1. Order by neighbour count: L74, L58, L13, fewest other Cβ atoms within 10 Å first, most last.
2. Provide the gained length on full extension for the span T76 to S2, in nm with one decimal, where the gain is 0.36 nm per separating residue minus the Cα-Cα distance.
3. From the helices alone, meaning DSSP H stretches of at least four residues, give me the mean residue ellipticity at 222 nm for the chain, per-run term -39500 (n - 2.57), in deg cm²/dmol to the nearest 500.
4. Which number gives the lysine pairs in the chain that have C-alpha atoms under 14 Å apart and are eight or more places apart or on different chains?
5. How long, wide and thick is the chain, going by the Cα atoms along their three principal axes, in whole angstroms, largest first?
6. Given points 7 Å out from each Cα along the Cα-Cβ axis, report the Q51 to N30 separation in nanometres with one decimal.
Amino acid sequence: MSLKWPNKDPDELTDYSIDWSRFIAPTTINSVTWYVDNGDAVKTELIPSGQVVHGLQLVSATSTDTIATARIGLGTDNIKYKLYCNVTTSDGLIFERTVFLRVREK
């Protein structure tokens, strides 16, 4: 299953979230890892340390018991990014969802 977030301007620093509650209930999120396809369509881990992958930057990543949030900066105009959110639950199950984010100069 894939999701789509609203377009992002390259100059924006914006939070994007995925609500996992209906997929993981009654467990909770234990850990979250974010990935993006790099320019060669290779799934690459986004590390919230200022690293830029294919023009996109994961500034920070947070989670609650059921919601994973990525604070995303930068991005290249007219690129549709394919991101992946991978969660491990409190009972050790692993789930992944794909989400698309288009960067558009506003």
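Coordinate-derived values only; no laboratory data. In this text, all values refer to a predicted model and were calculated from it rather than measured experimentally. Cβ atoms come from the backbone with ideal geometry, glycine included; neighbour counts cover every protein chain shown.
1. Numbers: L74 18, L58 23, L13 13.
So the residues, fewest neighbours to most, are L13, L74, L58.
2. Values: separation 74, 0.36 × 74 = 26.64 nm, distance 2.12 nm.
Answer, rounded to one decimal: 24.5 nm.
3. Details: 1 runs with 4 residues, N = 106.
It comes out at -500 deg cm²/dmol, rounded to the nearest 500.
4. Details: K4/K80; K4/K82; K8/K80; K8/K82; K8/K106; K43/K82.
Lysine pairs meeting the criterion: 6.
5. 40, 26, 25
6. 2.3
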